[in-house]
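Enquirer: First the structure, which I've put down as structure tokens, then a few questions once you've had a look.
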């Protein structure tokens, strides 16, 4: 897995290769971000789509026994799960 070292890249906040919590970074021959085109050949979004969140919320709803009136809670849980899996949110500290 390549991990971008582009600390000056304006796309880095939403790029999986930059925010992925995996250790180590591979260097590119030159920074992959092209300022003239505002593109990066190695950019992979770490922002989940609405469809991905909807599917995850649906499976949470099924897992909890199909309770009524908890759609917002299931949506928030699905969104949080995606953020954690994509490195966009910090793990919660375990309670003592």
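Enquirer: Say whether the condition of being farther than 16 Å from residue 16 by Cα and outside any helix (DSSP H, G or I) is met by at least one residue in the stretch 39-59.
Expert: Among the residues of the stretch 39-59, not one is farther than 16 Å from residue 16 by Cα and outside any helix (DSSP H, G or I), which makes the answer no.
Enquirer: Still on this structure, please answer the following. Given 69, 87, which one is part of a loop (DSSP other than H, G, I, E, B), at positive phi and at pLDDT 75 or above?
Expert: 69
The values are calculated or read from the model by the stated rules, or taken from the named source; none is laboratory data. Not measured: the values here are computed from a predicted model.
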